[in-house]
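Engineer: Here it is, the structure, as structure tokens.
The values are calculated or read from the model by the stated rules, or taken from the named source; none is laboratory data. Source: prediction; values computed, not measured. Quick reminder, even Gly has a Cβ in these numbers, built from the backbone with ideal geometry, and neighbours come from all protein chains shown.
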Amino acid sequence: MSIRISESEAAAFFRERDRFLIFTHNSADADTVGSARALVLALRKLGKQADAFNREGVPARLSFLRPEEVFLPELPPLEGRTLVSVDVASPRLLSEPESAFVFALSIDHHMVNSMQCERLCLRDDFPAAGELVFLLLKELGVAFEREPDIAEALYAAISSDSGGFRYASTRPDTMRCAASLMEAGIDFARINRLLFECKTPVEVAIEKLGYERLELLFGGRFALLAVTQEDLEKAGATAQDCEGLNQIPRQIAGVQASAVIRPKDGEIKVSLRSNEDVDVASLAATFGGGGHFHAAGFSVRGGTVADVRRTLLEQVEGVLL
Ligand SMILES: [Mn+2]
């Protein structure tokens, strides 16, 4: 059992210790990477030893966050290191043997957090872990207007997970937080372009195939896109090239919820999205997954894409309006 702590208690926790290793989740996005980068840079400024780690590595599209400056290529000896996770909801989202680590602190914004941790600093009303890290670093005395590297990392984190400040999770305080980060003179337009308006040719190829596979079901209320290993090979794509697929089915007018089903690391990964009042977090939970009200997911070991599609569709009608 972990104890829940506030941002200021988390700041005190960082002040009391000297050597940190910050873990991010797999299929790393700008929220987990930007939050980890901001934490590492800020802790180093405070004279502490801090590094980040993710065995899977950081995808090339996030190279503008300069992961090589903060991520270690290999897991270092853990002796004397304080382990912290950021934006990681479950140990299954780490490339580590399950239950390998007990984290001293988990910083998160997911509704359900099943990390093995001594302390949990969680705000499930925040659109991004980056907003929580912002508050925490503010408590630690970071002057963002004079720290463009930290400001840039947190801006990318928050903009990414809030869909460019468009999702319902965006709060007035999120905008105030972004405004403070902009005071550092960061090139926020470039960050947003790299996050939302930039695709590799391979990503475009797999999206093109995705459009061909798109299905509209339940009277147009549910959209589904399932791609197979063969499709990935045809497009020359890896699992990391498929993140953009999630945007395709959800944007069709009249669609209340959507799913993208695809192979990843020997499992079948299902990403669920919804608009308005449909709760996909509880739909994911029926399959042992989790996430947010409007964005959730789960993975299935064994079986085929077609099997997973069938099992999912049996549960879908119950959540539609
Ligand atoms: Mn996040």
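Engineer: Would you pick out the residues in segment 121-133 that are within 12 Å of the ligand (Cβ to nearest atom) and either farther than 12 Å from A10 by Cβ or not in a strand (DSSP E or B) (or both)?
Structural biologist: R123, D124, F126, P127, A128, A129, G130, E131, L132, V133 - these are the residues of segment 121-133 that are within 12 Å of the ligand (Cβ to nearest atom) and either farther than 12 Å from A10 by Cβ or not in a strand (DSSP E or B) (or both).
Engineer: Answer yes or no as to whether R262 is among the basic types (K, R) and either under 24 Å from the mean Cα position of the chain (by Cα) or outside the structural domain of V308 (by TED's automatic domain parsing) (or both).
Structural biologist: When the stated conditions are applied, R262 passes them.
Engineer: Any residue in segment 181-194 that is touching a residue at least 60 places away in the same chain (Cβ under 8 Å) and within 16 Å of G130 (Cβ to Cβ) sitting within a Cβ distance under 7 Å of a residue that is part of a helix (DSSP H, G or I) and not small (G, A, S)? List the pairs, counting only those 6 or more apart or interchain.
Structural biologist: That search, which allows pairs on different chains as well, returns I191/E152; I191/Y155; L194/F64.
Engineer: Here is a follow-up. Can you pull out every residue in segment 86-115 that is modelled with pLDDT under 90 and either on the phi > 0 side of the Ramachandran plot or of a type in the set (D, E, K, R) (or both)?
Structural biologist: Across segment 86-115, the qualifying residues are R92, E96, E98, S99.
Engineer: Let me ask something else. Quick check on my filter: what residues within segment 134-158 are outside any helix (DSSP H, G or I) and either touching a residue at least 60 places away in the same chain (Cβ under 8 Å) or under 12 Å from L39 (Cβ atoms) (or both)?
Structural biologist: Once the filter is applied, which keeps residues that are outside any helix (DSSP H, G or I) and either touching a residue at least 60 places away in the same chain (Cβ under 8 Å) or under 12 Å from L39 (Cβ atoms) (or both), segment 134-158 yields L140, V142, E147.
Engineer: Select from segment 207-233 the residues that are farther than 24 Å from E197 by Cα and in contact (Cβ under 8 Å) with a residue 12 or more places away in the chain and list them in ascending order.
Structural biologist: L216, L217, F218, G220, R221, F222, T228, Q229, listed by residue number.
Engineer: Within segment 83-110, work out how many residues are of a type in the set (V, I, T) and within 20 Å of S162 (Cα to Cα).
Structural biologist: Total meeting the criteria: 3.
Engineer: Hey, another quick one. Note down all Cβ pairs under 8 Å where the first residue falls in segment 4-18 and is among the β-branched types (V, I, T), the second is in a helix (DSSP H, G or I), and they're at least six residues apart or on different chains.
Structural biologist: Note: pairs meeting the criteria are I5/F13.
Engineer: Among the residues that make up segment 35-56, is at least one of them surrounded by 22 or more Cβ atoms within 10 Å (Cβ to Cβ), in contact with a Ser or Thr (Cβ under 6 Å, 6 or more places away or on another chain) and assigned by TED's automatic domain parsing to the domain that holds E147?
Structural biologist: yes
Engineer: From E118, E68, E79, grab the single residue that is more than 14 Å from the ligand (Cβ to nearest atom), part of a helix (DSSP H, G or I) and farther than 26 Å from F165 by Cα.
Structural biologist: E68
Engineer: If only one of A253, A306, A284 is of a type in the set (A, V, I, L, M), free of Cβ contacts under 8 Å to residues at least 24 places away in the same chain and either in contact with a Lys or Arg (Cβ under 8 Å, 6 or more places away or on another chain) or loosely packed, with under 13 Cβ neighbours inside 10 Å (or both), which one is it?
Structural biologist: Of the residues listed, the single one that is of a type in the set (A, V, I, L, M), free of Cβ contacts under 8 Å to residues at least 24 places away in the same chain and either in contact with a Lys or Arg (Cβ under 8 Å, 6 or more places away or on another chain) or loosely packed, with under 13 Cβ neighbours inside 10 Å (or both) is A253.
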